[in-house]
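Shown next, in structure tokens, is the structure this report addresses.
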């Protein structure tokens, strides 16, 4: 669980918490409050009710986050990926509106190189 990523979401991407609240049919203000409290005080200080909402709505945003896959540069075909992003890259993930796992990043870089070579020729 990456509380630094949650802190980043709290300060810069509240719409992510709003969407998660809507997806789970829970009150947005309550989820935002739980998220801020967890960052300030730690998960262990949450009440049982707060922990339930944290685990259901917030935890999927900051733990075991799945790679979004990538779109092939030349074929414009989206490639799904089942890899999980490392916790230490989640702040970067949210800063960049998504990020790749190492495998997808490597493939994306290779595709970009191929495209640049093709355009240069």
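The values are calculated or read from the model by the stated rules, or taken from the named source; none is laboratory data. What you see is a predicted model, and the numbers here were worked out from it, not measured in a lab. Cβ coordinates were reconstructed from backbone atoms using ideal geometry, including for glycine residues, and neighbour counts include every protein chain displayed.
Tell me which residues, restricted to the stretch 12-37, are within 20 Å of residue 85 (Cβ to Cβ) and assigned to a helix (DSSP H, G or I).
If the condition is that a residue be within 20 Å of residue 85 (Cβ to Cβ) and assigned to a helix (DSSP H, G or I), then 12, 15, 16, 17, 19, 20, 23, 35 are the ones that fit.
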message: Could you check the stretch 90-106 and list, in sequence order, the residues that are under 15 Å from the mean Cα position of the chain (by Cα) and either farther than 28 Å from residue 7 by Cα or crowded, with 17+ Cβ neighbours inside 10 Å (or both)?
response: 90, 91, 93, 94, 99, 100, 101
- prompt: Of the numbered conditions (1) in contact with a helix residue (DSSP H, G or I) (Cβ under 9 Å, 6 or more places away or on another chain); (2) assigned to a loop (DSSP other than H, G, I, E, B); (3) within 29 Å of residue 107 (Cβ to Cβ), residue 82 satisfies every one except a single condition; which is it?
  reply: (1)
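Results for (1) surrounded by fewer than 13 Cβ atoms within 10 Å (Cβ to Cβ); (2) outside the structural domain of residue 17 (by TED's automatic domain parsing); (3) under 18 Å from residue 12 (Cα atoms); (4) at pLDDT 95 or above, shown as yes or no for each residue.
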{"site": "33", "(1), (2), (3), (4)": "no, no, yes, yes"}
{"site": "41", "(1), (2), (3), (4)": "yes, no, no, yes"}
{"site": "108", "(1), (2), (3), (4)": "no, yes, no, no"}
{"site": "113", "(1), (2), (3), (4)": "yes, yes, no, no"}
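So how many residues does the stretch 77-89 have that are touching a residue at least 40 places away in the same chain (Cβ under 8 Å) and loosely packed, with under 12 Cβ neighbours inside 10 Å? Give the steps one after another, and end with the answer.
Pass one, the stretch 77-89, residues touching a residue at least 40 places away in the same chain (Cβ under 8 Å): 87-88.
Narrowing further to those that are loosely packed, with under 12 Cβ neighbours inside 10 Å: 88.
Of the residues in the stretch 77-89, 1 are touching a residue at least 40 places away in the same chain (Cβ under 8 Å) and loosely packed, with under 12 Cβ neighbours inside 10 Å.
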message: Just to be sure before I move on: is residue 68 touching a residue at least 24 places away in the same chain (Cβ under 8 Å) and part of a loop (DSSP other than H, G, I, E, B) in the structure I sent?
response: yes
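Could you list, in sequence order, the residues of the stretch 64-76 that are over 30 Å from residue 116 (Cα atoms) and surrounded by fewer than 18 Cβ atoms within 10 Å (Cβ to Cβ)? Walk me through how you get there before you give the answer.
Residues of the stretch 64-76 that are over 30 Å from residue 116 (Cα atoms), as a first pass: 64-65.
Passing the criteria: only 64.
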- request: Those residues that are assigned to a helix (DSSP H, G or I) and in contact with a helix residue (DSSP H, G or I) (Cβ under 8 Å, 6 or more places away or on another chain), I need them from the stretch 88-121; list them, please.
  value: 90, 91, 93, 94, 95
message: Taking the criterion of being more than 18 Å from the chain's Cα centre (by Cα), in a helix (DSSP H, G or I) and loosely packed, with under 11 Cβ neighbours inside 10 Å, would at least one residue in the stretch 49-63 satisfy it?
response: yes
